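Working notes, beginning with the structure itself.
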Amino acid sequence: MPPSPVWTTLVRELAELLLPQRCVACGAFGDALHTACIGRLAAADGARCSRCWAPVDTGRSACARCEVAPPSALVARRAAFRFEGIARRAILEAKFRGIRALFEPLSLAAAEAVPLEWGVECVVPVPLHASRERERGFNQGALIASHVGRALGVPVRGDLVRRARRTRVQASLGRMERARNVEGAFVPLEGGAGGGAAVPASALLVDDVTTTGATLEAVSSALRAAGVRRVVALALAIED
Ligand SMILES: [Zn+2]
Ligand SMILES: [Zn+2]
């Protein structure tokens, strides 16, 4: 029988308090990731599709896929890093080893990848299934959203959509299976926005890693159904 999530969380929190933090990039003690070491992570820059941020040949503004059938609910997607090397290790350690201190520098760097003209009204995390949050002891999407929201000076809205069912881990699936796996998995929260807050006109959806964009598109559909007119997305890292 696996150790109970309460114990796992407690042991992790104790370890975070007692063990000196080593930087995931340079290995030196101090921070989980030094601000000065962020530049060592592979940036998701260069020629990219203005809609989905997939790499394109120099001189092109849209990828072949978006030229034929761009995502319908999601207007555009950006990411700060390529999901490889140190960036990949940092995100996996943050998520699966619970090194939560890594989310702040990664999220602040990601917020810088948001184009000024997007002018979003709020940040929305990809909803995590309650059972997954219990297993992990924290909700990484909510952590990323709080850092990004603070950096952009806009509120986090977790009261617009919810996950209707638990889905299989996307990383284990192919492109077609990924779209099917998350289809209809997210729905608007009944009764609209909680606490009587107005539905925002635009939202920035945030996630840790994006690959095909199927999850972001599925959550965007739910946000559109909730009344949000314009949805854009930001991930810490993109898997090209
Ligand atoms: Zn460092
Ligand atoms: Zn594209």
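The values are calculated or read from the model by the stated rules, or taken from the named source; none is laboratory data. Because the structure is predicted, anything quoted here is derived from the model rather than measured. Positions of Cβ are generated from backbone atoms using ideal geometry, with glycine treated the same way; all protein chains shown enter the neighbour counts.
Residues of region 62-82 being part of a strand (DSSP E or B), more than 17 Å from Ala218 (Cβ to Cβ) and more than 16 Å from ligand 1 (Cβ to nearest atom), which ones?
Within region 62-82, Arg78, Ala79, Ala80, Arg82 qualify.
Kindly state which strands (runs of 3 or more DSSP E) lie completely within region 112-196 and contain at least 3 residues that are surrounded by fewer than 17 Cβ atoms within 10 Å (Cβ to Cβ).
By residue number, no strands (runs of 3 or more DSSP E) qualify.
Tell me which of these Ala28 doesn't satisfy, since it passes every other one: (1) in contact with a helix residue (DSSP H, G or I) (Cβ under 7 Å, 6 or more places away or on another chain); (2) exposed (fewer than 14 other Cβ atoms within 10 Å of the Cβ).
Only one criterion is unmet by Ala28, namely (1).
Report, by residue number, each residue of region 197-240 that is among the small types (Gly, Ala, Ser) and outside any strand (DSSP E or B).
Ala197, Ala198, Ala201, Gly213, Ala214, Ala218, Ser220, Ser221, Ala222, Ala225, Ala226, Gly227
Looking at Ala25 and the list (1) touching a Lys or Arg at 6+ places or on another chain (Cβ under 9 Å); (2) more than 9 Å from ligand 1 (Cβ to nearest atom), which single condition is not satisfied?
(2)
Here is a yes/no grid of residues against (1) under 15 Å from the mean Cα position of the chain (by Cα); (2) more than 16 Å from ligand 2 (Cβ to nearest atom); (3) at pLDDT below 95:
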site	(1), (2), (3)
Gly59	no, no, yes
Ala79	yes, no, no
Ala109	yes, yes, no
Gly119	no, yes, yes
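Assuming Ser50 fulfils every condition listed in (1) within 16 Å of ligand 2 (Cβ to nearest atom); (2) among the polar types (S, T, N, Q); (3) closer than 19 Å to Phe96 by Cα apart from one, which condition is it?
(3)
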